[in-house]
Amino acid sequence: MTASRNDESGATMVIVAVSLFAIMGLAVLVVDVGGLLTLRRQLVTASDAAALAGAQSCAGAHPEQAQAQADLLATQNQSDSTRQTYTAAGCGAASSGSVHVKYVAPKALTFAPLLGYPEERDVSASATAIWGPSGGDTPMPIEFAIDPAGLIPCAFQEVGTRCDYWWDNSSDHDLTNDSNWGFMNLATAGVSADANCPNSGTDDRRDWIVGGASAPIDIPADGFTYVCVDSGHSNSSWFAALQDQVGKIKHFPVNDPAHMIRDSGKEKYAIVGFVALRVEAVLRGNDPAAVGTPGQSGTCSVTHSFSPHSTFDLDAAGCTADADEISDLVLTNKTKNRTISYQAGVDYYFDPVSHVITWSTGNAPDVTVNFSWAKAGAEGACGNRDPDPNAVCLVASWQGLQIGGSAPGNGRDFGLRSVRLSE
């Protein structure tokens with residue numbers, strides 16, 4: 001009986017030892033391996049964020065900050081992460097490029113060392129982000145056209161450079177080669193070249209101005225996307241909504257007139273990219289601030305009595321104020337059926353800048369002063385144009401490279417670039 005009990009005791013010890021080993025292994029799996037997997041997920045998130053941050057800096061206005069921004073986003077997502085790899089292609093020098101990063105962080109192990117494993121393991125994760133000209137976006141329903149050189153006039157210039165755009169309902173962009181921006185029906189993005197083109201509704205047009213298209217315009221990698229011209233509407237249906245955008249950076253589709261469809265009832269813009277500009281002013285087409293003021297000119301005849309060393313300001317003669325130029329100045333006096341003509345530089349001196357006559361001889365009552373005057377016109381925000389109550393002047397400004405949109409690399413580069421993780 002005693003020997004049998006000893007045999008059972010030995011078997012129990014073996015079972016306990018095996019059980020403890022199994023429990024320890026399970027603890028390693030649950031605690032240590034689980035912790036490693038959790039850290040791995042956190043590092044994947046940190047590396048993704050770092051790569052995107054670096055790519056956004058490279059694609060934007062501050063490429064010199066790309067690496068620092070990548071490290072900042074990595075540590076914000078995983079505080080003890082350390083950069084192991086950072087490489088950037090085309091940073092700050094190209095329309096398209098990529099950023100590759102790899103970060104590592106240590107993980108202390110709790111149960112694994114009891115089984116002979118190290119007390120700490122490093123976990124790493126890497127990510128690559130790419131950038132390029134935006135090939136997809138939910139933009140404003142207003143297209144800007146490229147010039148003959150294929151450029152937007154104020155893009156890639158000094159920050160604050162302004163462009164002015166003139167719109168009137170009777171001449172959509174380049175259909176009659178007059179208006180240099182126009183409306184589009186964003187609901188028709190991607191239609192075929194021969195599709196008929198309806199106009200959009202008033203509510204849709206206003207909603208698109210405020211919040212952009214409800215679905216993106218996608219540009220294929222090899223070309224452009226057709227979007228129907230939206231015409232036949234009055235500016236009263238959208239003017240206030242557009243004025244509300246003053247001070248905001250908005251995304252505009254860019255049209256290539258060389259590929260437009262101009263067939264009646266099927267007019268379409270060919271959208272090749274997107275540009276981000278800040279709306280600076282929205283003015284009606286009969287506002288002098290938009291179209292300027294015309295120059296003025298005329299003649300003047302006044303009578304003035306001079307005494308020695310007296311002066312007479314012709315701007316105060318009552319004909320015009322602040323004339324830019326005075327010419328054909330003649331001073332005469334009739335006495336006893338005789339006309340006396342006074343000589344410049346002898347009887348008087350005239351300052352062409354201040355428009356002041358200084359008399360240099362004796363008393364001369366009732367002198368007739370004749371002259372011509374001219375006042376230059378002033379340009380408006382959209383140049384000098386005939387006032388048109390149906391037209392609108394839109395002023396926008398370049399604010400540097402912007403990040404937005406989607407499908408990097410599909411569109412042409414007009415300063416709006418998109419960023420995404422590489423697959």
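If packing is taken as the average count of other Cβ atoms within 10 Å, what order do 244-257, 316-329, 366-379 fall into, highest mean first? Before the final figure, lay out the partial values.
On the way: 244-257: 18.5, 316-329: 13.9, 366-379: 15.9.
So the peptides 244-257, 316-329, 366-379, ranked by packing, come out 244-257, 366-379, 316-329.
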Study note, to complete from the structure: For region 205-283, the Cα gyration tensor yields equivalent-ellipsoid semi-axes (√(5λ), largest first, whole Å) of 23, 17, 11
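Any idea what diffusion coefficient region 47-156 gets from Stokes-Einstein, in µm²/s, Kirkwood Rh on alpha carbon pairs, 37 °C, 0.692 mPa s? Each step should come with its number before you reach the end.
On the way: Rh = 16.5 Å.
The calculation lands on 199 µm²/s.
Convert 10 °C to kelvin, take the viscosity as 1.306 mPa s, use the Kirkwood radius over C-alpha pairs of region 260-353 as Rh, and evaluate the Stokes-Einstein diffusion coefficient in µm²/s, rounded to a whole number. Please list the in-between numbers first.
Working: Rh = 19.7 Å.
The estimated diffusion coefficient comes to 80 µm²/s.
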Review point. For the chain, with every protein chain kept in place, what is the accessible area per residue (1.4 Å probe, Å²)?
Key: 50
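Explain nothing, just the number: relative contact order of the chain, from Cα pairs under 8 Å at least 6 residues apart, as a whole percent.
Numbers: 999 pairs, mean separation 84.8, N = 423.
Taking the mean separation of contacting Cα pairs over the length of the chain, I get 20 percent.
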Check your understanding: What's the long-distance tail for region 175-323, i.e. % of Cα pairs beyond 20 Å?
Key -> 62
Check your understanding: If the viscosity is 0.890 mPa s and the temperature 25 °C, what translational diffusion coefficient in µm²/s does Stokes-Einstein give for region 270-423 when Rh comes from Kirkwood over Cα pairs?
Key -> 119
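Give me the Kirkwood hydrodynamic radius of the chain, using the inverse of the mean 1/r over all pairs of distinct Cα atoms, in Å to one decimal. Don't skip to the end; give the middle numbers.
Values: mean 1/r = 0.0355 Å⁻¹.
Here the Kirkwood hydrodynamic radius works out to 28.1 Å.
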**Study point:** Estimated inter-spin distance, R121 and T202, nm [label 7 Å along Cα→Cβ]
**Key:** 6.7
Check your understanding: Tilt of helix 202-211 relative to the longest C-alpha principal axis of the chain, in degrees (0 to 90, nearest 10)?
Key -> 70
Practice item. Show that you can apply the helix-only estimate: for the chain, add -39,500 (n - 2.57) for every DSSP H stretch of four or more residues, divide by all residues, and state [θ] at 222 nm to the nearest 500. Key: -6500 deg cm²/dmol
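Ignoring any ligand, DNA or RNA, what whole percent of the accessible area of the chain comes from carbon and sulfur when the probe is 1.4 angstrom? Display every interim value, and only then the final one.
On the way: 10570 of 20940 Å².
The computed percentage sits at 50.
The values are calculated or read from the model by the stated rules, or taken from the named source; none is laboratory data. Since the structure is predicted, the reported quantities are computational estimates derived from the model, not experimental observations. Cβ coordinates were reconstructed from backbone atoms using ideal geometry, including for glycine residues, and neighbour counts include every protein chain displayed. To get the accessible areas, we keep the full protein, side chains included, count just its heavy atoms, and leave off ligands, DNA and RNA. Shrake-Rupley method; radii C 1.70, N 1.55, O 1.52, S 1.80 Å.
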